[in-house]
């Protein structure tokens, strides 16, 4: 069987070699049938050229109307007049809109404004607009104005608001609570308790006791003739020209105060405090923000942490307590007391006594008229230009530090007794003194100059001491 297969394969191979074009000539005469001819189609007219847009699905007229109305308002004017008199109380409860308050006539309350609504459906917007209203409650010596919005499903309501201007008599006891809108008071008198939220609160030219409170928005007040209590959160606070005492509180926003004639108490947090031209005692408190104060004409107390303190031209005793922020006090007409840590202290041109405690940073004092007491740790002390003028009272210069350098510069004609000691350091003194070495690592000097009116005490550990003339 295998032999037959082999012989058959051999015969086919011989034929292929001998006749390479075998079968091809026969295939050339075989042609496939031609396909049938198709009827020609009629020519179509050319399509129009469209510029700037593509075809969109058809929209019903009602849907187009809803889309247009969604972005447009329908509105209605407000005109209300209420009998009134001076010395009365007006209470306003409002939301979703602005309020402007001005002084009008003394015999009426005038309200002018606008109601506005936008909705997907025109009929719904119209119904909602008609139900929105200012509800008025009149009582003897009191008027209450309440803004009402329908308590219905608001899924198809895009926006709604009532904003109005109200003119009130003079010497009015005014209370306002507003949210999600701005409140503005101008040129009114009486007493004011204003609370606003999620909008800007502005007040100007007010006469009377003023209480302003805002949240999540800027607060600005100017020209207040009377005591003022002003509070804000999550927004900046700017106050100018207050004739009276001022109490300010703000969180998470900057505070700026200018020109207050009475006592100022200013509390902040997480924002910068800047005050200038305060006419009486001032108390400034902050954290995680700087305190910058200038031109304060009274006793000043400053308490801060995690922010720098700059005090300049303070006409009164000044106390500064800080942590993790530098302190700079320049031109203090009174005594200066500073407590700080982990940051630099600079004091210059202090007419009275200076007392400073610090750690892990230098202390520099220049031109002090009274006693100078500095206690430092892990930081240098530099004191110069002191004890220049004679004093009727004994002045004490007491400097202490560890792991630092003490540099003291004194007038050449000084009248004082002094002593200095240190360990693991040296003492370099330009004045005639008595040297005493208590051990190999400890040095001590003492001396008497003039009639010894003042007293100088210097102590260091791991410290070098330099006492120089100027």
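Looking at residue 234, is it assigned by TED's automatic domain parsing to the domain that holds residue 187 and over 23 Å from residue 179 (Cα atoms)?
On the way: assigned by TED's automatic domain parsing to the domain that holds residue 187: yes; over 23 Å from residue 179 (Cα atoms): no.
It is false that residue 234 is assigned by TED's automatic domain parsing to the domain that holds residue 187 and over 23 Å from residue 179 (Cα atoms).
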**Complete set of residues in segment 363-402 that are farther than 17 Å from residue 345 by Cα and surrounded by fewer than 17 Cβ atoms within 10 Å (Cβ to Cβ)** = 388, 389, 390, 391, 392, 393, 394, 396
**Fill in**
Going through (1) farther than 18 Å from residue 467 by Cα; (2) modelled with pLDDT of 95 or more one by one, residue 394 fails only at (2)
**Message:** When you check residue 135 against the structure, is it farther than 21 Å from residue 79 by Cβ and surrounded by fewer than 17 Cβ atoms within 10 Å (Cβ to Cβ), yes or no?
**Reply:** no
**Prompt:** All but one of (1) surrounded by 18 or more Cβ atoms within 10 Å (Cβ to Cβ); (2) farther than 24 Å from residue 398 by Cβ hold for residue 280; which doesn't?
**Reply:** (1)
**Message:** Looking at the structure I just gave you, is residue 340 without any contact (Cβ under 8 Å) to a residue 24 or more places away in the chain and within 20 Å of residue 265 (Cα to Cα)?
**Reply:** no
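The values are calculated or read from the model by the stated rules, or taken from the named source; none is laboratory data. The structure displayed is predicted, hence computed values, not measured ones. Reconstructed Cβ throughout: ideal geometry from the backbone, glycine too, with neighbour counts over all protein chains shown.
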